[in-house]
Amino acid sequence: MVLDALARLGRVGIDALGALGRGHLLLLRMLAGASEVVRRPGLLVAQVYNVGVLSVLIVVVSGLFVGMVLGLQGHYVLSQFGAEESLGVMVAASLVRELGPVVTALLVAGRAGSALTAEIGLMKATEQLSGLEMMAVDPVRRILTPRLLGGILAMPFLAAMFSAVGVVGGYFVGVGLLGVDDGAFWSQMQSKLDFDEDLVNGVIKSLVFGVVVTWIALFQGHDATPTSEGVSRATTRAVVHSALAVLGLDFVLTALMFGN
Amino acid sequence: MNKQRSLEVLVGAFMAAGLVALFFLAMKVSNLSAAGDGTGYVLTARFANIGSLKARAPVTMAGVRVGRVEQVQFDKSTYEAVATLRIDRSVDSIPDDTFANIFTAGLLGEQYVGLEAGGSEDYLKDGDEIQHTQSALVLEQMIGQFLFSKAEEGGK
């Protein structure tokens, strides 16, 4: 009885460690195949389209609404201290530092990451990956690497769009609706937000999230049990693991970047 | 070929939009347009008390920003605060008897260094120290003095 329970615990641990190891090996193989993308840039362009262009609409619309909500809520709190003019700072800082990279990563995980997992998982289930191998084409280089690099490339652009549109949304609500002073909104924002400290760190965050989200999605697809049930489970796992990894890493990155 | 071309155009538009967004954030939201970008020259100033002055606080002259506080250190031999100010290169004619004050923007706003030009013909150079300084006004001390003087008045 006790030994059985112990064995089960051990198997869980071994499985988790094994998946972690396979994931890192896959990442190394994907990165080693980066030369393939240099030879065939068309593959990368197609993946930037899949992950980036197709996610623009959801990212921009979400950014607009998040910015507008920040404007409303921020104004409510700040007006209690008579500091409505700081609304611009609050909206822009929260967007550029946190919400831009994080919410974009979560949206991309749901919108593009799940699609990647399903695509790779189905390719595996229908033995297309084995077929490529039969033709002496390395599926990791040919299929996975462009998707990874495309995702990494697209993420900072999407996060920047999210933040920019969010700031404009906050501006509409704060200045247009609630009557915050136009000049103070922008000038306080500019004087309080630093290019290196805030903007560059936000871009670094979104790059990290781009790696994590696409990596998890691709690994889950590549590692899926090649059945329809296995692919559906892998897709769920990809979204859940990406979301957890993004939120956890965000805390670590924030602590490293801003927590001195 | 045609499909590939339209794909490339769309991706190009996507990346251009992302770059525009980054540019917008850099210019309109962050302080890049007003940054001193590490050029300019450095002055130091000693204060008995700097209040809550922090690095990156503005340095102004006549209300116009001419530089930034680069760092604030503590001098353990004189028990004074040493503020390092980075002044824009274009502002190269600050007289050497200039007065450095620590002001507060608004009642509860952040603190900044205000320079009041003196009348000297000699200008401060890179690495020079501003001799005339006035410490930050600490609100608690002012309230304390105010109460004290009120109590004295009441006693008469």
**Q.** Selected residue [over 30 Å from A:Thr225 (Cβ atoms) and either of a type in the set (Val, Ile, Thr) or crowded, with 20+ Cβ neighbours inside 10 Å (or both)] from A:Gly150, A:Gly169
**A.** A:Gly169
Q. Residues that are free of Cβ contacts under 8 Å to residues at least 12 places away in the same chain and surrounded by 12 or more Cβ atoms within 10 Å (Cβ to Cβ): which strands (runs of 3 or more DSSP E) entirely in segment B:50-156 hold 3 or more of them?
A. none
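Here is a yes/no grid of residues against (1) at the interface with another protein chain (Cβ under 8 Å from one of its Cβ atoms); (2) outside any helix (DSSP H, G or I); (3) modelled with pLDDT under 90:
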site: A:Gly166; (1), (2), (3): no, no, no
site: A:Tyr171; (1), (2), (3): no, no, no
site: A:Trp186; (1), (2), (3): yes, no, yes
site: A:Met189; (1), (2), (3): yes, no, yes
site: A:Val203; (1), (2), (3): yes, no, no
site: A:Leu207; (1), (2), (3): no, no, no
site: A:Leu218; (1), (2), (3): no, no, no
site: A:Gly221; (1), (2), (3): no, no, no
Q | So A:Ala115, is it in contact (Cβ under 8 Å) with a residue 60 or more places away in the chain, out of contact with any Gly (no Cβ under 9 Å at 6 or more places or on another chain) and closer than 28 Å to A:Val168 by Cα | A | no
Q: May I ask you to list the residues in segment B:4-18 that are surrounded by 13 or more Cβ atoms within 10 Å (Cβ to Cβ) and more than 7 Å from every other protein chain (Cβ to nearest Cβ)?
A: B:Gly12
Q. Which of the residues spanning segment A:44-61 are more than 11 Å from chain B (Cβ to nearest Cβ) and touching a residue at least 60 places away in the same chain (Cβ under 8 Å)?
A. none
Q: Check A:Gln128, A:Gln190 and return the single one that is crowded, with 16+ Cβ neighbours inside 10 Å, of a type outside the set (A, V, I, L, M, F, W, C) and without any contact (Cβ under 8 Å) to a residue 24 or more places away in the chain.
A: A:Gln190
Q) Of A:Leu148, A:Leu122, A:Leu158, A:Leu177, which residue is more than 26 Å from A:Ser242 (Cβ to Cβ) and touching a helix residue (DSSP H, G or I) at 6+ places or on another chain (Cβ under 8 Å)? A) A:Leu177
Q: Check whether at least one residue in segment A:189-205 is out of contact with any His (no Cβ under 8 Å at 6 or more places or on another chain) and closer than 24 Å to A:Arg142 by Cβ, and report yes or no.
A: no
Q. Among the numbered criteria (1) crowded, with 18+ Cβ neighbours inside 10 Å; (2) over 24 Å from the mean Cα position of the chain (by Cα); (3) at pLDDT below 90, which single criterion is violated by A:Arg141?
A. (2)
Q.
It is to be established whether one or more residues within segment A:7-20 are within 22 Å of A:Arg141 (Cβ to Cβ) and surrounded by fewer than 13 Cβ atoms within 10 Å (Cβ to Cβ).
A. no
Q: Determine which single condition A:Gly82 fails, assuming it passes every other condition in (1) on the phi < 0 side of the Ramachandran plot; (2) within 12 Å of another protein chain (Cβ to nearest Cβ).
A: (1)
Q | Test for A:Val45: is it in contact with an Asp or Glu (Cβ under 8 Å, 6 or more places away or on another chain) and on the phi < 0 side of the Ramachandran plot | A | yes
Q | Residues (more than 12 Å from chain B (Cβ to nearest Cβ) and either among the hydrophobic types (A, V, I, L, M, F, W, C) or part of a loop (DSSP other than H, G, I, E, B) (or both)) located in segment A:173-184 | A | A:Val173, A:Val175, A:Leu177, A:Leu178, A:Gly179, A:Val180, A:Asp181
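The values are calculated or read from the model by the stated rules, or taken from the named source; none is laboratory data. Every value quoted in this text rests on a predicted model; they were computed, and no experiment measured them. Neighbour counts run over all protein chains shown; Cβ positions are idealised from the backbone, glycine included.
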